[in-house]
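Before any comments, here is the structure.
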2 protein chains.
Amino acid sequence: MTATTHDVVALGNAIVDVLSESDDAFLDRHGLAKGGMQLVDEAQARALYGDMGPGVERSGGSAANTAVGIAALGGKAAFVGRVQDDQLGEVFTHDIRAAGVTFDPPAAQAGPATARCLILVTPDAQRTMNTFLGASAEMGPDDVDPDLILSAQVTYLEGYLWDPEPAKAAFRKAMEIAKAGGRKVALSLSDSFCVDRHRAEFRELVAGPVDILFANEAEICSLYETEDFDLAAEQVRHEAPLAVLTRSEKGCVIVTETETQMIGAKAPEKLVDTTGAGDLFAAGFLFGLTQGRDLATCGRLGAIAAAEIIGHYGARPEADLKALIGGVLTVGLPFTGHRFRQIVVTMRG
Amino acid sequence: MTATTHDVVALGNAIVDVLSESDDAFLDRHGLAKGGMQLVDEAQARALYGDMGPGVERSGGSAANTAVGIAALGGKAAFVGRVQDDQLGEVFTHDIRAAGVTFDPPAAQAGPATARCLILVTPDAQRTMNTFLGASAEMGPDDVDPDLILSAQVTYLEGYLWDPEPAKAAFRKAMEIAKAGGRKVALSLSDSFCVDRHRAEFRELVAGPVDILFANEAEICSLYETEDFDLAAEQVRHEAPLAVLTRSEKGCVIVTETETQMIGAKAPEKLVDTTGAGDLFAAGFLFGLTQGRDLATCGRLGAIAAAEIIGHYGARPEADLKALIGGVLTVGLPFTGHRFRQIVVTMRG
């Protein structure tokens, strides 16, 4: 097995977010389910945009946010995704490269515009996302460079990209290359509605090639069609080698075949916008994992990165993440400077 | 004279800002004068963008920010400017309309892309701007609709648009229509480097058609080629009917033929980014003026709007400006809820 030059290669949608303050009445009027992500076509996107308030544009995309988070923490990350040769494509490409992530998008092509996600942020800091996938949905197996996949310890996939067929084929190709090369495969379930759409396939992936599963409470419950989180956690124990289940302010539960660890969330200085919380949690966790840290430390790193992102608008880090995690990575002083609301570690035989 | 349906019609560059955190070393390396605005061509913009950190896109443009500020304060504003039929043009058009400003851009055309301004924000909250004018510089006399000019009490022009020749012709046309219709003409000098480029013409405008002049300390001193602010203020008294001179944290000086009023600045809750401070000051002032308020109240309204904008990134208001100015507009209770650092009113005969 050759040495790796990247810690993580992330595959996902290449999206520019349009963030706008909104309220419950607006969501109701447009029939939008708060906290979820729905796919919209260009006409729907245009209609919704026309009715929204003024926006702010920031690069986004779930796995792309994770890649940027890993780079911000000091790791080496690459990203695979598809943009159009247009202004938003230029914005996305600039931002992810300027953040230190390897990104060599395929040459420009005819076809739909760069993806955008209209994100309505309500006063409770919840985000409701409406994604026009555009060029991003054109990603296919040809975009997956085997050398790039093999250059990374972990291949990270966002569940959102399971919607378009060519992207699904790209994901399968990436997984096969990674597994054949002795690399790890990580999957984020992304969204409970996304799990609803692809439950059977996601179940096969989790019980099959996936080494590390990321899911929040709603997603893991949806995967196993239960309302009982503990039941879902027990079920995933027997299917995935490592499952990292996030529960917002209740922290995360790390499940392996032989143990369950519960790590408290880090209270944010203020709660502004939850966009990207899961993405940055995954960034912290994967950064720790690829640095050879123990699972509890990985969970704490995820909690710190998530707390930073929900303290401001947008899903890309603004604070110096390396400085924020300083205490956690100091051997013997894991908690310096960090007040976790709750830390419980339960070992099971 | 027919009744007006707008308080202010603003003519200026239609720009999307790309804001990025930066530092003095970066400015030095690129030979950029801190606090200024320089025009760049597409190649220069591309090179600078490639070297910048990740950015956030927000609609901007000096006069456009002022129009949005007036609408946010409860006034009726219209904007005239030129965008391309591209993604950033769509962003600009959406944001200004969603803010309640009348904006009917001319139909799409062949030509350069929508203007963008690469804004480097240093830790001292100063902004250094690099503007690629693109489509904005294509504005010409045909873009000026006489009915729209006559629909507003005040026609407001940003000095920045004096750079491209066709825009200059558009400005002259707008001024002529406004004056012939008994409307007021307001001009912002925009930037001391801009004044350097157009001093003779700006002097003619100030002594001629301009009814209300907005300038900061550096700009008014540059206009009269003096380092003595008081001298410059005395000179403008004899040329413009009303000059509003802003001095950052020292507040503003309002000069008419017969009196000088000094209004203190409002200390911001925090100082984050000065982008748009002058634009929002003008918004507050013009809103007050078109509501028939006395000059001191206009100055206070400007100070409140400016304090809001420098407390966050970007040049478009985030807080509820109507609520912020509530106390100032309450007759007899002009200072309720507002702590101005200094209030001095000097009357001269």
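The values are calculated or read from the model by the stated rules, or taken from the named source; none is laboratory data. Quick caveat: nothing in here was measured; it's all calculated off a predicted structure. For neighbour counting, all protein chains shown are included, and Cβ atoms are generated from backbone atoms with ideal geometry for every residue, glycine included.
The lone criterion from (1) over 27 Å from B:Pro146 (Cα atoms); (2) of a type outside the set (A, V, I, L, M); (3) modelled with pLDDT of 95 or more left unmet by B:Gly100 is number (1). For the range B:81-115, a tally of residues being crowded, with 24+ Cβ neighbours inside 10 Å, closer than 15 Å to B:Leu133 by Cα and out of contact with any Gly (no Cβ under 7 Å at 6 or more places or on another chain) returns 3.
Screening A:Asp142 on (1) away from chain B (no Cβ under 14 Å); (2) of a type in the set (Asp, Glu); (3) touching a residue at least 60 places away in the same chain (Cβ under 8 Å) shows it passes everything except condition (3). Among the residues of the range B:22-37, those identified as surrounded by 16 or more Cβ atoms within 10 Å (Cβ to Cβ) and away from chain A (no Cβ under 14 Å) are B:Leu27, B:His30, B:Leu32, B:Gly35, B:Gly36, B:Met37. Just one of the listed residues (A:Ala232, A:Ala240) is on the phi < 0 side of the Ramachandran plot and assigned to a helix (DSSP H, G or I), and it is A:Ala232. So for the range B:112-131 (the condition being under 15 Å from B:Ala14 (Cα atoms), more than 14 Å from chain A (Cβ to nearest Cβ), modelled with pLDDT of 95 or more and in contact with a Lys or Arg (Cβ under 8 Å, 6 or more places away or on another chain)), does at least one residue qualify? Looking for residues that are under 15 Å from B:Ala14 (Cα atoms), more than 14 Å from chain A (Cβ to nearest Cβ), modelled with pLDDT of 95 or more and in contact with a Lys or Arg (Cβ under 8 Å, 6 or more places away or on another chain), one finds at least one in the range B:112-131, hence yes. Residues in the range A:79-103 that are within 13 Å of chain B (Cβ to nearest Cβ) and assigned to a loop (DSSP other than H, G, I, E, B): A:Val83, A:Gln84, A:Asp85, A:Asp86, A:Ala99, A:Gly100, A:Val101, A:Phe103. Just one of the listed residues (B:Ala307, B:Ala315, B:Ala233, B:Ala215) is closer than 30 Å to A:His312 by Cα and more than 14 Å from chain A (Cβ to nearest Cβ), namely B:Ala307. List the residue pairs whose Cβ atoms are under 8 Å apart, where the first residue sits in the range B:41-53 and is away from chain A (no Cβ under 11 Å), the second is in a helix (DSSP H, G or I) and surrounded by 13 or more Cβ atoms within 10 Å (Cβ to Cβ), and the two are 6 or more positions apart or on different chains. Note: pairs meeting the criteria are B:Glu42/B:Gly134. In the range A:69-78, of all residues being assigned to a helix (DSSP H, G or I) and touching a Leu at 6+ places or on another chain (Cβ under 7 Å), the one that is surrounded by the most Cβ atoms within 10 Å (Cβ to Cβ) corresponds to A:Gly69.
Taking B:Arg172, is it among the charged types (D, E, K, R) and buried (at least 18 other Cβ atoms within 10 Å of the Cβ)? Spelling it out, it is not the case that B:Arg172 is among the charged types (D, E, K, R) and buried (at least 18 other Cβ atoms within 10 Å of the Cβ). Among the residues of the range A:63-78, is there at least one that is among the basic types (Lys, Arg), closer than 17 Å to B:Gly55 by Cα and either within 22 Å of the chain's Cα centre (by Cα) or away from chain B (no Cβ under 14 Å) (or both)? Looking for residues that are among the basic types (Lys, Arg), closer than 17 Å to B:Gly55 by Cα and either within 22 Å of the chain's Cα centre (by Cα) or away from chain B (no Cβ under 14 Å) (or both), one finds none in the range A:63-78, hence no. Of everything in the range A:137-161 that is of a type outside the set (A, V, I, L, M, F, W, C) and part of a strand (DSSP E or B), the residue that is surrounded by the fewest Cβ atoms within 10 Å (Cβ to Cβ) is A:Gln153. Checking each residue in the range A:308-349 for being modelled with pLDDT under 90, among the β-branched types (Val, Ile, Thr) and assigned to a loop (DSSP other than H, G, I, E, B) picks out A:Thr330, A:Val331, A:Thr336.
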